[in-house]
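Handing you this structure, nothing more for now.
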Amino acid sequence: MAEILVLGGMHGNEPLGPALVRSLEQSPITGVDAAIANERAVSRGVRFIDKELSVHARPGGNKYEDRRFGELTKIARGHQLVLDFHNAVAPDTHEAWMFPPPPSIKKAVRWLLHRADIRYVIGFPQEAELYKKLPPTVAVEIGMPSSGYASWERSQVSRWRGILQEMASTGLGNLRPQSGSKIICFEALQAVMRDEAKQKKLETLAGLRRYAKLPSKAVTALGLAPDTYRVLSWGYRNMSKPVPGTDGERECWGQLVRDVQSFV
């Protein structure tokens, strides 16, 4: 069993992941498996068929993404780390999404973030049931250029093949992060927390600037530790609704900055 599983096409209109998966299928790397996450959506070039696979799919449901949920958990079983590749519209985006990894994989994850020059980590929203059922997962979000996509995609596939080759040949248990490397962690606000804040008529977070300190009333209502969070984004769309494919992922819901040391 390979230690690493690469997923592409969790959102079917994001082409980088499927291109990397096809490359790995055509020219495998020992220790790395690969699969298309949302096969039907990729084949049609749409974000999803019935519902967002990464956030809204649920096991036991009768929609396509619900069924694919169960299939992906079986495919991922036995792997130590899953890398899930995404595109973002904003060309300067270069970040990762994840739940806090278990101690056994923390060093490997920090090595990966440093090696791939990913300096920002965002916590998966609690609604993301699929990622709770997969092995430790790092969703890599890479911004697409506004032009010259084909050559950019080739360079990204080559770059990530090199990183994967290094990870696989070294072994996840032997990867050591560079000392002093720093990662900034963002934690997504949950919809229920936002609703609670609105009901209590707290100061609006949408009016704050990036990295501004949260109002004390909001900190209390959201159950956050004082003086450890800052506002990153002020996009407050309903997380229960699909995100239009033309939107950059970073602006889809409110996010808070916090200390990353205990996270990865």
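The values are calculated or read from the model by the stated rules, or taken from the named source; none is laboratory data. Computed from a predicted structure; not experimentally measured. As a convention, Cβ positions derive from the backbone with ideal geometry for all residues, glycine included, and neighbour counts pool all protein chains shown.
Residue pairs, Cβ under 7 Å, 6 or more apart or interchain, first in segment 155-166 and touching a residue at least 60 places away in the same chain (Cβ under 8 Å), second part of a helix (DSSP H, G or I). List them.
Close Cβ pairs (under 7 Å, with a partner that is part of a helix (DSSP H, G or I)) amount to GLN156/LEU16; VAL157/ALA19; VAL157/LEU20; VAL157/SER23; TRP160/LEU20; ARG161/SER23.
Also: Hey, can you tell me all the residues within segment 134-148 that are more than 21 Å from the chain's Cα centre (by Cα) and in contact (Cβ under 8 Å) with a residue 40 or more places away in the chain?
SER146
Keeping to segment 113-130, report how many residues are part of a helix (DSSP H, G or I) and farther than 18 Å from CYS185 by Cα.
Total satisfying the criteria: 2.
Being closer than 25 Å to GLY148 by Cβ, touching a strand residue (DSSP E or B) at 6+ places or on another chain (Cβ under 9 Å) and not aliphatic (A, V, I, L, M) is the requirement here; does ARG47 meet it?
So ARG47 does not fit the description; no.
Testing PRO100 on (1) under 14 Å from PRO135 (Cα atoms); (2) within 14 Å of the chain's Cα centre (by Cα); (3) modelled with pLDDT of 90 or more, one condition comes back false. Which one is that?
(3)
What residue, of VAL42, VAL55, VAL82, VAL6, is under 17 Å from the mean Cα position of the chain (by Cα), surrounded by 20 or more Cβ atoms within 10 Å (Cβ to Cβ), in contact (Cβ under 8 Å) with a residue 24 or more places away in the chain and not in a strand (DSSP E or B)?
After applying the criteria, what remains is VAL55.
Something else: Go through segment 9-22 and give me each residue that's surrounded by fewer than 21 Cβ atoms within 10 Å (Cβ to Cβ), of a type outside the set (S, T, N, Q) and assigned to a loop (DSSP other than H, G, I, E, B).
Answer for segment 9-22, where residues must be surrounded by fewer than 21 Cβ atoms within 10 Å (Cβ to Cβ), of a type outside the set (S, T, N, Q) and assigned to a loop (DSSP other than H, G, I, E, B): just PRO15.
I'm trying to understand the selection: among the residues of segment 116-160, which are in contact with a strand residue (DSSP E or B) (Cβ under 9 Å, 6 or more places away or on another chain) and of a type in the set (Lys, Arg)?
Answer for segment 116-160, where residues must be in contact with a strand residue (DSSP E or B) (Cβ under 9 Å, 6 or more places away or on another chain) and of a type in the set (Lys, Arg): just ARG119.
Separate question: Would you check if ARG110 is of a type in the set (Lys, Arg), surrounded by 18 or more Cβ atoms within 10 Å (Cβ to Cβ) and out of contact with any Cys (no Cβ under 7 Å at 6 or more places or on another chain)?
Considered against the rule, which asks whether it is of a type in the set (Lys, Arg), surrounded by 18 or more Cβ atoms within 10 Å (Cβ to Cβ) and out of contact with any Cys (no Cβ under 7 Å at 6 or more places or on another chain), ARG110 comes out as yes.
Just give me the residues in segment 117-126 being buried (at least 17 other Cβ atoms within 10 Å of the Cβ) and out of contact with any helix residue (DSSP H, G or I) (no Cβ under 6 Å at 6 or more places or on another chain), in sequence order.
ILE118, TYR120, VAL121, ILE122, GLY123, PRO125
Does ILE105 qualify as being farther than 26 Å from GLU71 by Cα and part of a helix (DSSP H, G or I)?
Judged against the criteria, ILE105 is not a match.
Regarding TYR131, is this residue buried (at least 19 other Cβ atoms within 10 Å of the Cβ), within 16 Å of the chain's Cα centre (by Cα) and at pLDDT 90 or above?
Here the answer is yes, as TYR131 does meet what is asked.
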